[in-house]
Amino acid sequence: MIGSRVLLCVTGGVAAYKAAALTSTLVQRGAIVDVIMTGEAERFIGPLTFSSLTARPVYTSLWDAPERIPHIRLVREAQVALVVPATANVIAKLAAGIADDLLTTALLAARIPVLLAPAMNDAMYRNAATQENLRRLSERGYAFVDPESGFLAERERGVGRLASEEAILAALETTLARTQSLAGKRVLITAGPTREAFDPVRFVSNPATGETGMALAREAALRGADVTLVLGPTHLDAPSGVRTLRVRSAEEMHAAALEYAAGTDLVIASAAVSDWRPETQEAQKRKKGDADLTVRMVRTPDILASIGAQKGSSFLVAFAAETENHEQNAREKLQRKHADAIAVNDVSNERGWGAQRNSLTLLWGTDGRCELGEAAKPVLAARLLDAVQELMCS
Ligand SMILES: Cc1cc2nc3c(=O)[nH]c(=O)nc-3n(C[C@H](O)[C@H](O)[C@H](O)COP(=O)(O)O)c2cc1C
C-alpha cells in the first residue's frame, strides 16, 4: 500500500471513531490519506484527529478554498475513495445523485472506484429504501464491504455493524490492485452499431447502443490501461479518460480499428457491425414511388477477421450476439476468427440491446467456459475483464 492515494470519506455515524483507527493503519502501511468529513461526522469525531494521523489537512467544506475546486481535485488525486462509515443518508444521496456538501459532490465527480462500508441500525439497514439504494449503487459499479451482524450502538443485536478493519483493508487492497492491473497496457475496444447508408436519410443498422463496450472502456481505463474506443453511432456520451474515435459505417470502423490494433495488448471487439451494406449509396434522398424496391446488399469488411489475421501477441476477445445455438455458434466463430476468447450473449427477442442489464458467457479454447451471469453492464464489464485478465496471464 506504500504510496497509494486513498480518499477516506467519513460520514455521521457512531462508527466514525473506527475510521480514525483505520486511518492510522493506512498511514502506517504507507498510504497517503486525504480525509473528507461531512458536517454530521464532525459531531461524532473532530477533524483534528484525522489531520494529526495523516499530517494533512482535513476537508469539511466545499467553500474553504473554492478557487482550488476541492471536490474535483481530491477525486483526481486519489486512486480509490473509501467511505467509512457510510450512513444510510449518504448512501441514499449517492443513489439519487445529490451533491449538497463536499463529500457527496466529490463522489459524484469520481471516476475512481468507490468502496463503501455501510454502518447503521439493523432496521435502517434492512429498510427497503436502503436496500434499494444499495442495489442501485452496486449496479452502477460501486463496491461494498458489507456490515457485520453483532452488537449495535443501540444495545441491540442485528446486521449493521461496521465491517472489521481487516475486511475493509482486504477490500481496499483488492480495489487498489484492480486500479493498477492494466497499467502500461494498450487496449482497443470497438463498440456500438454501424450504419450502412442507402441514401442520405436511410440506413441499415441494429439496436446496439454501445453501452457494453463503453462500460468495458471505462473499466479498462479505471484499471490503468491506455484505452482507445472505436465507437459506432450512439446517442450516448463517450466515456471520459478514454480516446474515442466516432465512426459510422463498418468500413470506417474497420479502418479505425486496424489503425489502432497494431501493438495493442488487448482487443475487445464488442461492436455490432453490419455484415452487409447497400451496394450503392444514393447521393440524394430516393423519392418514393409506387413500385417496390430491391436493394442489393454486399458484404462489409470483416473487422474481427482482419484483426485476428494480424493480431500478433495481442489477446483478442470477440463478441457473439446469437439468437439460437448460442454456444455452438460462438465456438465456431472463435475458431474461424482466430480469437482468444468470445463473449456470447442471447439477443433473441431483442434481449441485451439497449437494456441496462445483460448476461454473458465467456468461452475459450476447445472447452473453456466461464458463466459471467446476469448483471448491470458496468458489473458485467468488470467480471469480463477479470476473466480475460486471468486468461491473459495463464
Ligand atoms: C447518536 C446518533 C448516531 C447515529 N448513528 C448513525 C449510524 O450509525 N448510521 C447511520 O446511517 N446514521 C446514523 N445516525 C443518523 C445520521 O447521523 C444522520 O442521518 C445524518 O444526517 C447523517 O449525515 P451524513 O450522511 O451527511 O454524514 C446517527 C444519529 C445520531 C444522533
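For GluC sites (Glu not before Pro), the sites in region 187-296 that DSSP calls loop and that have at most 11 other Cβ atoms within 10 Å are 279. For residue 268, nonlocal amide neighbours, meaning residues 5 or more places apart or on other chains whose placed amide H falls under 5 Å from its own, are 188, 189, 190, 317. Which percent, nearest 5, of DSSP beta bridges in the chain are antiparallel? So the antiparallel bridges in the chain amount to around 35 percent. Think of region 5-180 as a dipole: +1 on every Lys or Arg Cβ, -1 on every Asp or Glu Cβ, centred on the Cα centre; then among 86, 109, 144, 109 lies furthest on the positive end. Antiparallel beta bridges, as assigned by DSSP with both residues in region 217-359, represent about 20 percent of the total such bridges.
Given axes a ≥ b ≥ c from the Cα gyration tensor, I'd like to know whether region 5-180 is rounded (a/c under 1.5), prolate (a/b larger than b/c) or oblate. Rounded, because the longest to shortest axis ratio a/c is under 1.5. Given the options 308, 158, 368, which has the most mean-square fluctuation in a GNM of the chain, springs set between C-alpha atoms less than 10 angstrom apart? Most flexible of the set in this elastic network: 368. Dipole size of region 184-245 about its Cα centre, with +1 on Lys/Arg Cβ and -1 on Asp/Glu Cβ: approximately 220 debye, rounded to the nearest 20. Overall, the anisotropy analysis places region 131-263 in the oblate class: the square-rooted eigenvalues a ≥ b ≥ c of its C-alpha gyration tensor yield a/c not less than 1.5, with a/b not exceeding b/c.
Based on the alpha carbons, how large is the Rg to Rh ratio for region 186-393 when Rh follows Kirkwood? Taking Rh as the inverse mean 1/r over Cα pairs, Rg/Rh reads 0.98.
Of the trypsin sites (Lys or Arg not before Pro) found in region 73-175, those in coil by DSSP whose Cβ has at most 11 other Cβ atoms within 10 Å are 155. Comparing mean-square fluctuations of 58, 295, 204 from a GNM of the chain with C-alpha springs under 10 Å, the top value falls on 295. Once C-alpha pairs closer than 8 Å and six or more residues apart are averaged by separation and normalised to the residue number of the chain, the relative contact order reads 11 percent. Placing +1 on each Lys and Arg Cβ and -1 on each Asp and Glu Cβ, with no other charges, gives region 214-257 a dipole about its Cα centre of roughly 80 debye. Suppose a student asked you for the relative contact order of region 5-180, using Cα pairs under 8 Å spaced at least 6 residues apart; what percent would you report? Worked out over region 5-180, it gives 21 percent.
Just to be sure I understand: with springs between alpha-carbon atoms less than 10 Å apart, which residue in 338, 326, 235 has the highest mean-square fluctuation in the Gaussian network model of the chain? The residue that fluctuates most here is 235. Candidates 361, 294, 269 compared by Cα position along the dipole of region 224-368: farthest toward the positive end lies 294, with charges placed on Cβ. A simple spin-label model places the labels of residue 324 and residue 180 5.1 nm from each other, with each point 7 Å out along Cα-to-Cβ. Averaging the sequence gap over all C-alpha pairs within less than 8 Å and six or more residues apart, then dividing by the number of residues, gives region 186-393 a relative contact order of 20 percent. Summing charges over all other residues whose Cβ lies under 14 Å from the Cβ of residue 54, with Lys and Arg as +1 and Asp and Glu as -1, gives +1. Between residue 294 and residue 282, the contour length at 0.36 nm per residue exceeds the Cα-Cα span by 2.9 nm. Diffusion coefficient (Stokes-Einstein, Kirkwood radius over C-alpha pairs, 25 °C, 0.890 mPa s) for the chain: 106 µm²/s, rounded to a whole number.
Evaluated with a Cβ-only charge set (Lys, Arg +1; Asp, Glu -1), the chain carries a dipole of roughly 580 debye about its Cα centre, given to the nearest 20. With neighbour counts taken as other beta-carbon atoms within 10 Å, the residues 314, 149 rank, fewest first, as 149, 314.
Read the figures in this text as sums done on the coordinates, not as results from a lab. Computed from a prediction, not measured in an experiment: that's the story for all the values here. Please note: Cβ atoms are built from the backbone with ideal geometry, for glycine as well, and neighbour counts cover all protein chains shown.
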